[in-house]
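Comments concern the structure below.
The values are calculated or read from the model by the stated rules, or taken from the named source; none is laboratory data. Because the structure is a prediction, the values reported are computed rather than measured. Virtual Cβ from ideal backbone geometry, glycine too; neighbours counted across all protein chains shown. When the accessible area is computed, the model is the full protein with side chains, heavy atoms only, and any ligands, DNA or RNA have been set aside. Shrake-Rupley method; radii C 1.70, N 1.55, O 1.52, S 1.80 Å.
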Amino acid sequence: MLLIGVAGAALLAGADVAAAQDRTNTTPFSNSAPYAGNVLSNTSTINNNGPGGSWVGNIVSNAGSVTNTGAGAVWTGSVSNDNSVNNENGATWVGDIVWNNNGIRNKVGSTWQGDVLSNGGANSLTLIDNRGTWVGAVRGNTTRIFSYGGSWTGDVVGNAGNIYNNAADATLNPGGVNAAVWTGNVLSNSFLIINFQNGTWNGNVVDNPGDIANYGAWNGNLTNRGRIIHTGVWTGNVINNGTFFWAENQIVGAFDNRGALQLTGNLSGITTLTNSGRLQLTHTSGSQTLSVASAVFTPTSSYEIDVNSAGATDRIVVSGNAALAGTVRVVAATGGAPYASATSYTILSAGSISGQFAGATTTLAFLAPRLSYDASTVYLTLRRNDVGFAGTGATGNQVGVGASVEMLRAGNPLYDAVLWLTPQQARQAFDMLSGEAHSSAENMAMDQAGLVGGVALDRLRQTFRDTGRNAFASGNAGDPVLAADPASNAMLWTKFYGAVGRVAASTSTSSLTGSSGGVAVGVDGLYEDWRVGMMVHAGYTSSAVTALSSTIGSADYGLGLYGGREWGDTRLALGVIYTRHDIHSARTVAFSGFTDGLTGQYAAGTAQAFAELSHGFDLGVLSLRPYADLAYISRTAEQFTETGGAAALTRTGNTISTIFTTLGLQAARQFVVGDAELLTASGSLGWRHAFADNPAATYALAGGSSFSVVGTPVESDMLAVNASLTHDVSANSMIDFSYDGLLGESAQIHSLKGTWAMRF
């Protein structure tokens, strides 16, 4: 319409110039008679009231509220709006929207005649709301236009915002019609147009590089190079060059698919389907039907379908002739029962068939598709190819499991389920079946053994500190602190410990998390020049491989002996510990077509021996002590068989060993606090290197060949850090708190310990 000032200017030219009153409005103003004049600015309210109000003039600037209201009220003039303009209660407005940065509302029973030249601004509430009748093109929209239960007649040109054509309920549109009707062509849409369920749009879409969603009725031809969602009824011919066209229900007209057409349900009504792009029926696991009058598949086309284990398939039903070329691509639906071998699927039926598809491909790893034809039907069968199960494996674990499953042969639920997997699904299934978590748990067991060994070594370090405590002074030369002779008394001690750890996934194993905690109780005393003692401990260790739905828990209890002595500033600490483990496991093996819950119970034993050699240097306020640790750990697990279904594993007994060497430097400083109480703060930094066996074991499925599975390995090199605080509460008791960390490239272990010791 391009009414910018034209109608208003023409009327003003014919009026008495002296009667024309342009307004700069700052207070409420109400008009119920003929009025001529532009609104140059408004910061308050202006009302043009029917039946007598007739305003001729443009709104040049509005920061307040302008309302044209009542039957017989007429406003003739363009609008530039920063706040609120309302046309309501049967009023009529004739004028373009020059620009809008807030809300313009054409309400029930009212009429607006004018183009939208610019709708959009910085205000987040910028919108045009039509619930009456609007006649005019939308030529410039960058925000939102709502037509709620209204009627809009006008083309949409160059839309870069949101346009909604929606029915309105009684709440939104009291007394008004529920249906929403938009009549106009879409000449260019680069953003979003939605025609809702009870909406009707009459007009061609000449070009759509943006998004259109049609849930109601659309009447007009469509040329698309953007994205379409269609679940209503579209009446008109379609040319689709877009890569996203989701459709169901009806398209009544010819459909030329040069991009991608994805069915999301049954679709009917197409007169002639021409497919030179990608036709996908792979959305609801083999239950969709595309009904057309005739079909032409070009050599560049693909026809993609689901099949499922119940024998269902997506299909095309052609009432007339189907001219075939291009490729069929088959996707096996996941879930459900195992597939039956050599199932025949009808993927296309027609009144007559000319030509054939060039061939068929599939996402499946172990089955090859084959097409066959008669005069009116295309059939698909899937048969075993020459790819072995092990051939899809990317890791040694997957290769071994795959070979074992293939030996089970058809009829076994594991074999039948794996047969219908894609290569990626097969690799995931073999990982689930491998029992990797059992082997990976050996990693956590080694660290748990090191944690318990560290408890004994910490106690020896404390006793060495005790034997030299009389040398520490309160700050005055010759003034002793806690003068009791600790070397002459035995000590009873207890230590609580806990640790958490994580090992990152590698190219061949999944990530592992674990925790360990417990309590140790010991007693020690002097025997000649040696401090010797014994300890018992009990705790619990758990590990989890979340990606494989596997958990391993272990109740741990054991006995240890330790001892050490000093030669001047040189110290030697030694110890041996044996730990018994009662282990229980739980795994869920779940992949397409197969689910099994498995449990296991078995025992293991860990023996370890450790030694530490260190030498101290007294630097006055600070003491330094380089040290070297050596620990040997050997773990033996007994044979066991899981309880469960076809995926249950039998594992042979196995023994793995690890040698840990640690070189580091400890620093300590002592303080006198309170009433002659001693506080010792210490920390250390070291490098731990592991000479470790791979945590591997031999497994077998019932009826399958045995295979070796390697778990998450022990980290070779880790940074060892420690920080501790020891408080001598009295000459006969002390408490200690410490943190230990092992930090590696792919693994981290953090532990906390607390000790209480009493001399007797």
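Can you find even one residue in segment 387-408 that is among the hydroxyl-bearing types (S, T, Y), more than 30 Å from T272 (Cβ to Cβ) and in a helix (DSSP H, G or I)? Break it down into steps so the answer makes sense when it comes.
Filtering segment 387-408 down to residues among the hydroxyl-bearing types (S, T, Y) leaves 392, 395, 404.
Okay, now just the ones that are also more than 30 Å from T272 (Cβ to Cβ), so 392, 395, 404.
This time we only want the ones that are in a helix (DSSP H, G or I), so: 392, 404.
Yes, the conditions are met somewhere in segment 387-408.
Scan segment 89-103 residue by residue and report those that are open to solvent by 20 Å² or more (accessible area, probe 1.4 Å) and under 11 Å from S78 (Cβ atoms).
From segment 89-103, those open to solvent by 20 Å² or more (accessible area, probe 1.4 Å) are 89-90, 92, 94, 98-99, 101-102; that's our starting set.
Within segment 89-103, V94, V98, W99 meet the criteria.
Give me a count of the residues in segment 420-465 that are touching a helix residue (DSSP H, G or I) at 6+ places or on another chain (Cβ under 8 Å) and either of a type in the set (D, E, K, R) or assigned to a helix (DSSP H, G or I) (or both).
Here is the first cut: in segment 420-465, the ones touching a helix residue (DSSP H, G or I) at 6+ places or on another chain (Cβ under 8 Å) are 421, 423, 426-427, 429-434, 436-437.
Now drop any that are not either of a type in the set (D, E, K, R) or assigned to a helix (DSSP H, G or I) (or both), which leaves 423, 426-427, 429-433, 436-437.
Going through segment 420-465 one residue at a time, the tally reaches 10.
Inspect segment 655-676 for any residue being buried (at least 20 other Cβ atoms within 10 Å of the Cβ), at pLDDT 90 or above and of a type in the set (D, E, K, R) and give the result as yes or no.
no
Return yes or no: is L630 out of contact with any Ser or Thr (no Cβ under 6 Å at 6 or more places or on another chain) and of a type outside the set (D, E, K, R)?
Values: out of contact with any Ser or Thr (no Cβ under 6 Å at 6 or more places or on another chain): no; of a type outside the set (D, E, K, R): yes.
No.
Looking only at residues in segment 683-703 that are farther than 30 Å from R461 by Cβ and open to solvent by 20 Å² or more (accessible area, probe 1.4 Å), which one is modelled with the lowest pLDDT?
The extreme case among them is N694.
State the number of residues belonging to segment 104-117 that are outside any strand (DSSP E or B), open to solvent by 20 Å² or more (accessible area, probe 1.4 Å) and touching a Lys or Arg at 6+ places or on another chain (Cβ under 8 Å).
At the first step, the residues of segment 104-117 found to be outside any strand (DSSP E or B) are 107-110, 114-115, 117.
Then keep just the ones that are open to solvent by 20 Å² or more (accessible area, probe 1.4 Å); that gives 107-109, 117.
Add one more test, that the residue is touching a Lys or Arg at 6+ places or on another chain (Cβ under 8 Å), and what stays is 107-108, 117.
Within segment 104-117, residues that are outside any strand (DSSP E or B), open to solvent by 20 Å² or more (accessible area, probe 1.4 Å) and touching a Lys or Arg at 6+ places or on another chain (Cβ under 8 Å) number 3.
In segment 519-531, which residue that is modelled with pLDDT of 95 or more and more than 20 Å from N732 (Cβ to Cβ) is least open to solvent (accessible area, probe 1.4 Å)?
So, considering only residues that are modelled with pLDDT of 95 or more and more than 20 Å from N732 (Cβ to Cβ), the one least open to solvent (accessible area, probe 1.4 Å) is A520.
Within segment 586-610, work out how many residues are under 13 Å from H438 (Cα atoms) and over 27 Å from the mean Cα position of the chain (by Cα).
7
Which of the residues that make up segment 546-556 are in a strand (DSSP E or B) and touching a residue at least 40 places away in the same chain (Cβ under 8 Å)?
Residues of segment 546-556 that are in a strand (DSSP E or B), as a first pass: 550-556.
Passing the criteria: S550, T551, I552, S554, D556.
Name the pairs whose Cβ atoms lie under 6 Å apart, with the first residue in segment 557-583 and closer than 18 Å to L613 by Cα, the second acidic (D, E) and at pLDDT below 95, and 6 or more positions between them or separate chains?
R565/D529
Picking from T641, T595, which residue would you name as being open to solvent by 70 Å² or more (accessible area, probe 1.4 Å), touching a strand residue (DSSP E or B) at 6+ places or on another chain (Cβ under 9 Å) and free of Cβ contacts under 8 Å to residues at least 40 places away in the same chain? Break it down into steps so the answer makes sense when it comes.
Numbers: T641 fails: free of Cβ contacts under 8 Å to residues at least 40 places away in the same chain.
None of the others qualify; the one that does is T595.
Of the residues L380, L367, L414, which single one is open to solvent by less than 20 Å² (accessible area, probe 1.4 Å), in contact with a Pro (Cβ under 7 Å, 6 or more places away or on another chain) and not polar (S, T, N, Q)? Show your work before the answer.
Working: L367 fails: in contact with a Pro (Cβ under 7 Å, 6 or more places away or on another chain); L414 fails: in contact with a Pro (Cβ under 7 Å, 6 or more places away or on another chain).
After applying the criteria, what remains is L380.
Name the residue, out of I316, I239, that is open to solvent by less than 20 Å² (accessible area, probe 1.4 Å), farther than 23 Å from S592 by Cα and over 32 Å from the mean Cα position of the chain (by Cα). Show your work before the answer.
On the way: I239 fails: open to solvent by less than 20 Å² (accessible area, probe 1.4 Å).
After applying the criteria, what remains is I316.
Six or more apart or on different chains, Cβ atoms under 8 Å: show the pairs whose first residue is in segment 618-637 and among the polar types (S, T, N, Q) and whose second is assigned to a strand (DSSP E or B) and open to solvent by 50 Å² or more (accessible area, probe 1.4 Å).
Cβ pairs passing all conditions: S623/F617; S623/R669; S634/T655; T636/T655.
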